[in-house]
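Everything below concerns the one structure shown next.
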Amino acid sequence: MGRKFRRLCRRRLLLLRDNKLFKGGDKIKIYKSITLPIKTSQKNIDYFFECNRETGRVWNECIKLTKVLLDKGEYANRKFLQDNIKGNFSSTLYAKCMQVTCIKYMSSIKGIMVARRNGRTDMNYTWKYKKYYNTIWDVSCLKIDYENNRIGLPKPSIVIDGKKKNQKPIYLKFKYPLPQNIKQVEVLYKDGLKLAINYCIEEECMQVESDNICAVDLGEIHSIASIDNNSNPLIITGREIRSIQRFRNKELGKLQRKLSCCTKNSRNYKKYRKAIRKLTSKSDAKMDYCINKTAKLFMEYVFENDIKTVVVGDLKNFNMNLSSSYSTQQKVCQWIHGQMVRRIKYNLERYNIEVIEISEAYTSQTCPSCQSKYKPTNRNYICKSCGYENHRDIVGAINILSKYINDGEIKDLGLDITQIKYLRI
């Protein structure tokens, strides 16, 4: 299915370019990553675990230094953190790894500052101490052999008889060819020790010449419900994602009940812990596949209808704990809204298609025709005032589109919807 979709996308792009709906622009950088299992000696594996443990200590030290400055009414910066951490972890960690950890810590602080500035006062600054944290090697210190598919990870120098001596790097050999333009590598534990390779590719930035706009109402049952200016509706179901989540919750409950009856660190305790890690890893992989497939189907819809701007409902100020029912609250809290938005943005940014988030308050309850409010109890919306009838999620998409066009107000757009295109992943 992946190859078939890629062929379809290439064919679609060639068709769009021939019809001059797209025009070429500057080249843009797209960052990607692949995860490969690490196969090396037990000594090197123990060293990687020790590196992740020491990197966790570096992260904790950044938190402590930030708290000390906050008590004095000052703010930490990257230079302050690096100067105070330098030399404290040199026996195990390479110097560049500590610098990258400080950079990641400061980027998390800046991200939370931006979110709080935008109204997310419920988000707290980084405070939780970590026992382990992924160690990152930058491209400036890596030794990459593309011909033999090897990556060399440097180790810090050691002092012998008062003299510094460089240690040999750890070389990891892989079965498959390495991607070009590697920027950094990251050692992580995900159902086994693995190496995440982050690399960069350059693609031509295609620009859409049409002025078509579509609105997207993201949902838990129907992942995407969309409508554009030309009355082209689309619904992509998310029931497969719900079934994966429900199966995971049931099996996780069974394993947790068995785990609660075991003595900590016993044989059965370790067995059930391993089963839980395996279950969550497989479920996450299945859900990532469904998210990617849903975003690709929506990208094809954008190409077919020559859409320039995509408007998505914003849920930043929505409280996930409002529901009284536990089952409903669990579904809403496990809703993959943020992941879907990020994947849509990632897929469309290379074609210079703008993705805008606006508030979707009361969009599924307001009638697009007479603007009266009515909360439907099923998937169909039937207005009690004027008799307007349509799918509830399509009504939400229409109202989001109206809000974007009319500066936050819901007005009748006069869209003539004949048949809704319904897709399963």
Filtered residues of segment 13-59 (kept if at pLDDT 50 or above and of a type in the set (Lys, Arg)): Lys23, Lys27, Lys29, Lys32, Lys39, Lys43, Arg53, Arg57
Matching residues in segment 81-114 - criterion: being in contact (Cβ under 8 Å) with a residue 60 or more places away in the chain, surrounded by fewer than 18 Cβ atoms within 10 Å (Cβ to Cβ) and either aliphatic (A, V, I, L, M) or out of contact with any Cys (no Cβ under 8 Å at 6 or more places or on another chain) (or both): Ser90, Ser91, Ala95
Yes/no for Ile158 being within 29 Å of Leu65 (Cα to Cα) and touching a residue at least 12 places away in the same chain (Cβ under 8 Å): yes
Residue that is surrounded by the fewest Cβ atoms within 10 Å (Cβ to Cβ), among those in segment 354-397 that are in a loop (DSSP other than H, G, I, E, B) and in contact with a strand residue (DSSP E or B) (Cβ under 6 Å, 6 or more places away or on another chain): Gln365
In segment 240-273, the residues that are loosely packed, with under 12 Cβ neighbours inside 10 Å, assigned to a helix (DSSP H, G or I) and basic (Lys, Arg): Lys250, Arg257, Arg267
Residue check, Lys331 assigned to a helix (DSSP H, G or I), surrounded by 14 or more Cβ atoms within 10 Å (Cβ to Cβ) and at pLDDT 90 or above: no
Residue among Leu178, Leu195, Leu188, Leu172 that alone is part of a loop (DSSP other than H, G, I, E, B) and either in contact (Cβ under 8 Å) with a residue 24 or more places away in the chain or not assigned by TED's automatic domain parsing to the domain that holds Gln419 (or both): Leu178
Qualifying residue in segment 94-108 (condition: in a loop (DSSP other than H, G, I, E, B), at pLDDT 90 or above, in the same structural domain as Cys51 (by TED's automatic domain parsing) and not basic (Lys, Arg)): yes
Criterion: β-branched (Val, Ile, Thr), closer than 30 Å to Gln42 by Cα, within 21 Å of the chain's Cα centre (by Cα) and crowded, with 17+ Cβ neighbours inside 10 Å - qualifying residue of Ile291, Ile224, Ile197: Ile197
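The values are calculated or read from the model by the stated rules, or taken from the named source; none is laboratory data. Everything quoted here is computed from the prediction, not taken from an experiment. Positions of Cβ are generated from backbone atoms using ideal geometry, with glycine treated the same way; all protein chains shown enter the neighbour counts.
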